[in-house]
Amino acid sequence: MATHQAVDFQGIVISRSDYKERDMLVKILTDKFGIKTFFVRGARKRGFKLAAAILPFSHGTYFGTVHDTGLSFISGTRELDQYQRIFTEIELNAYASYILGLATAAFGTDQALPPLWFTKIFTAINLIDEGLDPAIITNIIEIQLLETFGVKPSLESCVICQNTQAPFDFSETYGGILCQRHWHLDPHRLHLDQRTVYYLRLFSVVDLTQLHSIKVKESTKKALRKTLDAIYSDQVGVFVKAKKFLDQMSGWEQLLKKDD
């Protein structure tokens, strides 16, 4: 087992849990080592000097000892900050937690992430905290993560004839989009409207670091959510606890609208 002593790394605190009487286990997404669990001695004592550094959604530069497997250790931080809106607003918290949970499911623990993916996740959390639509940012991450789960739908052109001209529909059976000439091949295709198909295709290639604003109609957002739920349920089979809470929140919103 390799040990990396006195190393620094960028990190986002995913979660933490009590351990024994005074200690904590803190899970952090790191730029160099992937998702690691850190043993923090004395974290539950009053006046603990690293208390702010191990709050969920704190982020910055951490340094300490990192083991390839097993528990690692934090000795200090610098340039520490916190995603204040995510930390205080329950909806944003749920979306950010879901993204980090998906990353954990996709990449596991104790293995380095491709640098591109740390940047994507870090950028997504930043954008949510800055006020961009959290549902759309989450959709982008979900679509782009499919390849990591071994599911990469073909969204550039028709899977049968490589036609790039709409209209299209999505076929789970064929693993991508079908142009209208081949819809008859899959009567169980998702029967999506063209705006939803457009955003599925766009989100599969959009660069989050270049995204400054985005606005999608509510009806399209619902269709995107239904489509991605179907793909993740039927082809990925990953359960993230925060997703259940997001679904519950959506149900609450519908009830409130009915009451209005």
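Coordinate-derived values only; no laboratory data. All values reported here derive from a predicted model rather than from experimental measurement. Don't worry about glycine lacking a Cβ; one is built from the backbone with ideal geometry, like all the others, and counts go over all protein chains shown.
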Nearest 10, in degrees from 0 to 90: the angle of helix 90-107 to the longest Cα principal axis of the chain is 90 degrees
Applying a 4.7 angstrom Cβ cut-off across the chain, unpaired cysteine residues come out as 161
To the nearest Å, what is the center-to-center distance of segment 96-130 and segment 26-84, using C-alpha atoms only? 16 Å
If you put +1 on each Lys and Arg Cβ and -1 on each Asp and Glu Cβ, how big is the dipole of segment 133-246 around its Cα centre, in Debye rounded to 20? 340 debye
Least to most buried among 100, 155 (fewest other Cβ within 10 Å first): 155, 100
When the helix-only estimate is applied to the chain (DSSP H runs of n ≥ 4, each -39,500 (n - 2.57), divided by the residue count), what is the mean residue ellipticity at 222 nm, nearest 500 deg cm²/dmol? -11500 deg cm²/dmol
I need the shape label for segment 66-122. Rule: rounded when a/c is under 1.5, else prolate if a/b > b/c, else oblate, with a, b, c from the alpha carbon gyration tensor. oblate
Simple spin-label estimate for residue 238 and residue 186 in nanometres, 7 Å along Cα-Cβ: 2.1 nm
Just subtract the alpha-carbon distance of residue 84 and residue 119 from 0.36 nm times their residue separation and send over the number in nm, one decimal. 10.6 nm
Counting only C-alpha contacts under 8 Å and six or more residues apart, can you give the relative contact order of the chain as a whole percent? 15 percent
Decide, for segment 56-170, between rounded, prolate and oblate: order the square roots of the alpha carbon gyration tensor eigenvalues as a ≥ b ≥ c, take rounded if a/c falls under 1.5, and otherwise choose prolate if a/b is larger than b/c, else oblate. oblate
Could you line up 117, 183 from fewest to most neighbouring Cβ atoms inside 10 Å? 183, 117
Each residue of segment 219-231 in order: what ³J(HN,Hα) in whole Hz does its phi give by Karplus 6.51 cos²θ - 1.76 cosθ + 1.60, θ = phi - 60°, with x for Gly and Pro? 5, 5, 4, 5, 5, 4, 5, 5, 5, 5, 4, 5, 5
Just to verify a number: FRET efficiency for residue 2 and residue 130, C-beta to C-beta distance, R0 = 35 Å, to 0.05? 0.40
Quick check: the angle from helix 115-130's long axis to the longest principal axis of the chain, C-alpha only, nearest 10 degrees? 90 degrees
If I take every Cα pair under 8 Å that is 6 or more residues apart in segment 1-146, average their sequence separation and divide by the length, what percent do I get for the relative contact order? 23 percent
Please tell me the relative contact order of segment 3-82 in percent, rounded to the nearest whole number, where contacts are Cα pairs under 8 Å and at least six residues apart. 33 percent
Proximal aspartates and glutamates relative to residue 120, as straight alpha-carbon distance under 13 Å, when same-chain residues fewer than 8 apart are discounted: 31, 142, 207
Under the classification rounded if a/c is under 1.5, otherwise prolate if a/b is larger than b/c and oblate if not, where does the chain fall, given a ≥ b ≥ c as square roots of the Cα gyration tensor eigenvalues? prolate
